[in-house]
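This report refers to the structure that appears directly beneath it.
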Amino acid sequence: QVQLVESGGGLVQAGGSLRLSCAASGRTFGSFLMGWFRQAPGKEREFAGAISWSAANTDYADSVKGRFTISRDNAKNTVYLQMNSLKPEDTAVYYCAASLLGYGNGRYRLSSSYNYWGQGTQVTVSS
């Protein structure tokens, strides 16, 4: 059983930055592929980025590539999403998720690939 809790969301102006955290329970945290997803009102949940268990591999949606950075600290059971150069279209509830899939599986962009989800944290970017 794994519990994920996101924090760090808030209101920022366009061009600003936020750092989201996802604290995870579980003795096998280091074995999980971790992903970040986001969902804006009226839209489907969409992939933002993922990081392998070793942090050797990361991947990002084209919409955030170059602006967002995923990292993890397995000793602290925490995954981070550093968001820079934020745009109004980044406004959404952001969720972290954990998967037993390996990064090499290549299906980490699909929400259905994840076994555990956090409650989400709101990010609002004003113009």
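The values are calculated or read from the model by the stated rules, or taken from the named source; none is laboratory data. All values reported here derive from a predicted model rather than from experimental measurement. Virtual Cβ from ideal backbone geometry, glycine too; neighbours counted across all protein chains shown. Ligands, DNA and RNA are excluded from the accessible area calculation, which covers all protein heavy atoms including side chains. Shrake-Rupley method; radii C 1.70, N 1.55, O 1.52, S 1.80 Å.
First check a/c for segment 39-102, with a ≥ b ≥ c the square roots of the eigenvalues of its C-alpha gyration tensor; if it is under 1.5, answer rounded, and if not, answer prolate when a/b is larger than b/c or oblate otherwise.
On the way: a/c = 1.94, a/b = 1.58, b/c = 1.23.
The shape class here is prolate.
To the nearest whole percent, what portion of all C-alpha pairs in the chain is separated by more than 23 angstrom? Intermediate results must be reported in sequence, preceding the final value.
Numbers: 1808 of 8001 pairs.
Counting every Cα pair in the chain, those more than 23 Å apart make up 23 percent.
Give me the percent of the accessible area of the chain that comes from carbon and sulfur atoms, probe 1.4 Å, all protein chains in place. Walk me through the numbers before you get to the answer.
On the way: 2930 of 6360 Å².
About 46 percent, which is the carbon plus sulfur part of the accessible surface.
Would you mind working out the magnitude of the charge dipole of the chain relative to its Cα centre, with +1 at each Lys and Arg C-beta and -1 at each Asp and Glu C-beta, to the nearest 20 Debye? Intermediate results must be reported in sequence, preceding the final value.
Numbers: 12 positive and 8 negative charges, 30 e Å.
In total the dipole reaches around 140 debye.
Before I look further, what does segment 1-83 give for accessible area per residue, probe 1.4 Å, in whole square angstrom? Walk me through the intermediate numbers first.
On the way: 4180 Å² over 83 residues.
Accessible area per residue: 50 Å².
Averaging over all projection directions, find the projected area of the Cα convex hull of segment 66-127 and quote it in nm² with one decimal place. Provide the component values of the computation, followed by the final result.
Details: hull surface 21.1 nm².
Taking a quarter of the hull surface, the average projection is 5.3 nm².
Could you name the lysines in cross-link range of Lys43, using Cα to Cα under 19 Å and dropping any fewer than eight places away on the same chain?
Lys87
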